[in-house]
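Read the figures in this text as sums done on the coordinates, not as results from a lab. Keep in mind that what you see is a predicted model, and the values were worked out from it rather than measured. Neighbour counts run over all protein chains shown; Cβ positions are idealised from the backbone, glycine included.
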Amino acid sequence: MDRIYCVIPERCIACGKCELACAFAHGSEGQPAATRIHIHRRGPDLGTPVVCLQCDDPSCLAACPVGALTWNARTAAIEVSRETCIRCRMCVAACPFGNMTWDDSRHEVAKCDLCGGDPRCVPFCPTKALDYVPADRAAILPDAAVPGAQR
Amino acid sequence: MPTLTIDGRTVHADHGTFLLAACRKAGIEVPTLCEHPAVEPYGGCRLCVVDVTRPEWDGWSKMVVACLFPVEDGIVVDTRSERVMETRKVVLDLLLARCPETPLIRDLAAAHGIVATSFVRNPVPTDCILCGLCTRVCDTMGMSAISSVDRGAGREIAPPFRAPPPACVGCLACAEICPTGFIQFESGTRKRRIWEKDFDMLRCPRCGRSHITAAQADFFAGRGGVPRSYFEICDHCKRADLAATATRLAGEPATPARQG
Amino acid sequence: MRIESLKQFDTAVAAAREARSAKGREVWVCCGTGCLANGSKAVADAFGAQIESAGLATTLGLYHKSTGCHGFCERGPLVVIQPEGLLYTKVGVGDVPEILTKTVGKGEVIPRLLYKDPATKLAVAKYDDIPFYKHQIRVSMRNIGRVDPADLDDALAHGAYAGLARALSAMTPEQVIAEIEVSGLRGRGGAGFATARKWKACRKAHGDRKFVLCNGDEGDPGAFKDRSIMEGDPHSVIEGMTLGGYAIGAHEGYLYVRDEYPLAVVNLQKALADARDRGLLGANILGSGFDFDLRISRGGGAFVCGESSALMRSIEGRTGEPRAKYVHASDKGLFDLPTNLNNVETWADVGAIIANGGAWFAGWGTKKSKGTKAFSLVGKVKNTGLIELPMGTTLRHIIYDIGGGILKDRPFKAVQTGGPSGGCLPADKLDLPVDYEILADNGSMMGSGGMIVMDDRTCMVDVAKYFLKFLSEESCGKCVPCREGLKQMLHIFEDLCTGRGKPGDIERIERLGRGMQLGSLCELGKSAANPVMSTLRYFRAEYESHIDHKACPAGMCRDLTAYEIVSEPCTGCHQCVKVCPTEAIAGKARQKHVIDPARCISCGSCFDVCPEDCIRFIPKSLSVPEAASAPARVSFGNPSPAPARSGGTGGGACPR
């Protein structure tokens, strides 16, 4: 776990490129519904990115009855095992922040898994509202209290 | 780390795992029907039979099911010996007789060279292969609402007394795990119906979206020691709340936000 | 009065023996299930009432008791008069006064109640002279028929708990296991696994809490030895299990009794209560510091629960389904704890072995199968019942010397051993000694000791079908090869027996049988094909006849067989008409009789009773309505009675 995913909401201009990049990265040919990052739009170019916080004590993992959610030690992301998941959607209901979604078209749950250590949204964000920074640098970023930068 | 030989390849298996995992680790595919990572192994379909021997056994070997046989250091495994393949064929031939119209079984049988069953075709074809995945996942979920009933050729999966199961919370895990789609259900925003039992969906008080049933929420709330309300707000609305919190903490003015 | 030391035990046994010998004159009435079904309770009550009202205890020193099964079940109700050792058979309530006045009072034997040896036709008065009993060596059944199962003192007087007393006072657990090892005792439930080895594995297993279990599920059709032991000498089982607990370090156990044995449950419950009261069970047994207790768990009516892992699940309250046994029960069994399961007969042997020494038991038997074995001898044999003999006894000795030969002196055809998991052995195997490996090598198995004798009026294809039907109803249904395989195998056999057999059926049967043997989860499925495979091995011609000629050589498959009366020898004696269930035989007295094929259901009853041998059976496909008046043609497979001990295979020849 040498990098940390950071969100700096003030920089978000609600362009939506991260959503598209995420959807493409997870193989859905750009269907926006497949995105695991959601921009909560407040105006024409004002938005707040909402994405999985990769909690230390994940509610989703606790709620899963079959152990389909596991913590990846290298990327520090919580991942869903497609083979083990039984689609009961308890995790969707359990996440306090709504970051576990149900993708009806592909009939599976979806969450941010940091793309296995190379988050695809980051290079597409024009304002660096999303970044994947080395752990030591994250601590000196301005808004340390911002959710998403807690590690 | 136990070291074994599978189909001539040396495999370093993880201690305490079953032979099937070791085969997969070595990239060797062994057919299964009743195995699923979400539930305990069952050993019912018998497709994953393999031949196990040791050098000191002088050629004698035993047939075991890989899903339940614990890895042992020094064993020599053949996943495609003649009698293994023959047994798999008999199993698939029998299943094809029972489920002649089930695509999963037809495909698997065809992959083993069986296009039509040599036995008496089931006069009332069914899609249920009695793999027990549904009952096992229901046990794992904690409800144990359905089980196998009767024995022998009359064995079926059913709720107690074939009535709408009292313990069922409508989580659909059984239907989702069923490999043949035998378990039917209807699910919409307001209602869900499975095993002839009707459920109210747990609808978000703000936007009306739903993902789970109210009964499911009650059951897991009770188990997790949280109030039912914990599950009520839907993910969309929860994301909106998170966004609002983030915005507030960042010192931005709160503006009515579009549901994102 | 609780026994709290070895000394007190010896005193109690001496007192019990003295009380026994004071009862010099006794009438023993068999109250095992078989005799009870024939009304022996009323006989026992009548003896009790009449002895009391006439004050015979005082005047003649006469007592009576109810005992367990003597084994000669077909001849019950059985009554034994001691000290003479007289055996009376088929005793009714009406015979009681006569027995009391004549036999007990005046020492006169009542001829009509005596057993008549079918070979010599002579009556045999003494129990010990009757061949059925004379040849037996009873170890597990040592006290059955001698003790009142509800009387612990009676059991003590006959040696009960002597082994336990010896072990708890003078042996370590390891020494107990060693004694069992010397005895060569192997599991008497069917698998024949070396008992000492199983006990050692369980002793070695990690954990403080262990179980001993008794498999009293006895599901094989025709097997009733375990029932007789549990009913007739429950203390032998309790003692054995306590010894087993001591040996492996278990302090608790269950007696799993099939639901269909209510008398066994009642008698075991009484015995457990009595043993606890006396300090022979429970805390600090015989003052040794060893605690051990037992509970009864009743089955729910499933043959599959005789399988050890299914049995354990049943005790746990779950559905009786076997599990893969790559992890042995000695490590993880009942409630996932180390468990040792043995059969009723095995447990009953243990006490005697510890009391008398392992070498004593190993003095009987063959090189690999030591000791004695109980058998349920049933079927077409003259003396049916329960017997115990040394291993190594030949099948011929059992069937002819003890069994008295085939009923009606018909030719012997086969003996089925080992229940639904076993096989059929033909006449040329009659000299095989009963031994685990020898029976298995010849395509059968020891099983729990069921022996079904078959004569020439048995269709071997039908025998295989019978066992398939039984197993298909008892299969738990968890695994594909057994559940679906039995169903499909039964389809093929139903076709064979109704004239729809096709070329290639034998190959299909063999392929399916092999698949079931290799693929099934438990022994029920794995051995389900055994009756089929063994009948194919020794009676292939019968299968071929069913397929190629749509004919049943034994004349038993009704759809394939037609019966006809050959006019010439018919004397019109009318015997056949009396037994025909469909009034299909026409004919006036002393005139030639004729069978109407339209009404005949081919049951063969007429064939069985005809004294003139003039009824024949032919393949239905060959029968024509005018058969009655046609000259007798050569009909195939028509066996005729042969003298006893024929050793020939009798009928079954395929016509050409």
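When +1 charges are put on Lys and Arg Cβ atoms and -1 charges on Asp and Glu Cβ atoms, the dipole computed for chain C relative to its Cα centre reaches about 760 debye.
With K and R counted +1 and D and E -1, the other residues having a Cβ less than 11 Å from that of residue C:341 yield a net charge of -1.
Would you please give the FRET efficiency between residue C:316 and residue B:162, computed as 1/(1 + (r/R0)^6) with r the Cβ-Cβ distance and R0 = 22 Å, to the nearest 0.05?
According to the calculation, E is roughly 0.35.
Considering only C:213, C:419, C:156, the residue lying farthest towards the positive end of the dipole of chain C is C:419, judged by Cα position with unit charges set on Cβ.
Cross-link reach is defined here as a Cα-Cα straight distance under 18 Å, omitting same-chain residues fewer than 8 places apart; for residue B:197 the aspartates and glutamates meeting it are B:176, B:186, B:218. Between B:39, B:79, B:68, the Cα set farthest toward the positive side of the dipole of region B:1-87 (charges on each charged residue's Cβ, about the Cα centre) is that of B:39.
What does the charge count around residue C:559 come to, taking other residues whose C-beta lies under 14 Å from its C-beta (Lys +1, Arg +1, Asp -1, Glu -1)? Could you put the intermediate results ahead of the total?
Numbers: positive: C:465, C:500, C:550, C:558, C:620; negative: C:462, C:494, C:495.
That sum, taken over residues with Cβ under 14 Å, equals +2.
Computed from Cα atoms alone, the Kirkwood hydrodynamic radius reported for region A:3-138 is 15.3 Å.
Along its first, second and third principal axes, ordered by size, the protein assembly as shown spans 120, 84, 57 Å in Cα coordinates. Between residue C:340 and C:211, C:212, C:213, the built amide H atoms are under 5 Å apart, and every one of these is 5 or more places off in sequence or on another chain. Please compute the contact order of region C:1-134 in relative form: average sequence separation of alpha-carbon pairs under 8 Å and at least six residues apart, divided by the residue count, as a percent. Once normalised by length, the contact order is 22 percent. For chain C, the gyration tensor built on C-alpha atoms gives an oblate shape. Its axis ratio a/c (a ≥ b ≥ c) is at least 1.5, and a/b is not larger than b/c.
Quick one, can you get me the convex hull of the C-alpha atoms of chain B expressed as volume per residue in Å³?
On the way: hull volume 50.7 nm³, N = 260.
Dividing the Cα hull volume of chain B by its residues yields 195 Å³.
When you restrict to C-alpha pairs under 8 Å that are six or more residues apart and normalise by the size of region B:169-240, the relative contact order lands at 25 percent. Note on chain B: GNM, Cα springs under 10 Å; of B:124, B:169, B:149, the largest mean-square fluctuation is that of B:124. Simple point charges give the picture: +1 on the Cβ of Lys and Arg, -1 on the Cβ of Asp and Glu, and for region B:3-80 a dipole about the Cα centre of about 160 debye. Can you pick out the pairs among C:126/C:373; C:198/C:429; C:23/C:90; C:41/C:121 whose Cα atoms lie more than 28 Å from each other? From C:126/C:373; C:198/C:429; C:23/C:90; C:41/C:121, over 28 Å: C:198/C:429; C:41/C:121.
Within the listed set B:192, B:24, B:151, the residue fluctuating most in the Gaussian network model of chain B (springs between alpha-carbon atoms under 10 angstrom) is B:151.
Applying the criteria of a DSSP loop state and at most 11 other Cβ atoms within 10 Å to the GluC sites (Glu not before Pro) of region B:1-98 yields B:29.
Dipole orientation for the protein assembly as shown: of the candidates B:183, B:243, C:135, B:183 has the Cα lying most toward the positive pole (charges on Cβ; Lys, Arg +1; Asp, Glu -1).
Per-residue Karplus couplings for region B:196-201, computed as 6.51 cos²θ - 1.76 cosθ + 1.60 with θ equal to phi - 60°, are listed in order as 6, 10, 9, 10, 8, 6 Hz, Gly and Pro entered as x.
Extending 7 Å from Cα along the Cβ direction at residue C:150 and again at residue C:15 yields two label points whose distance is 2.2 nm. If R0 is 45 Å, what FRET efficiency do you get for residue C:208 and residue C:596 from their C-beta distance, rounded to 0.05? Calculated value: 0.05.
Within region C:292-329, report the chymotrypsin sites (Phe, Trp or Tyr not before Pro) that DSSP leaves as loop and that have at most 13 other Cβ atoms within 10 Å.
The qualifying sites: there are none.
A crude spin-label estimate for the pair residue B:115 and residue C:4, with each label 7 Å from Cα along the Cβ direction, gives 8.5 nm.
Here each label is just a point 7 Å from Cα along the line to Cβ, and for residue A:118 and residue A:104 those points are 3.4 nm apart. For chain C, the relative contact order is 12 percent, taking Cα pairs closer than 8 Å that sit 6 or more residues apart in sequence and dividing their mean separation by the residue count. Panel note: the C-alpha atoms of region B:1-114, placed on their principal axes, show extents of 44, 34, 20 Å (largest first). With one equal scatterer per alpha carbon and no solvent term, the Debye-computed log10 I(q)/I(0) for region C:558-629 at 0.16, 0.28 1/Å reads -0.45, -1.51. Computed from point charges on the beta carbon alone (+1 for Lys and Arg, -1 for Asp and Glu), the dipole magnitude for the protein assembly as shown about its Cα centre is near 900 Debye. Of all trypsin sites (Lys or Arg not before Pro) in region C:330-372, which ones are in loop regions per DSSP and have a Cβ with at most 11 other Cβ atoms within 10 Å? Listed in order of number, the matching sites are C:367. Quick one: which residues, 5+ away or cross-chain, put their amide H under 5 Å from the amide H of residue C:423? H built at 1.01 Å from N. Hits under the 5 Å cutoff: C:417, C:445.
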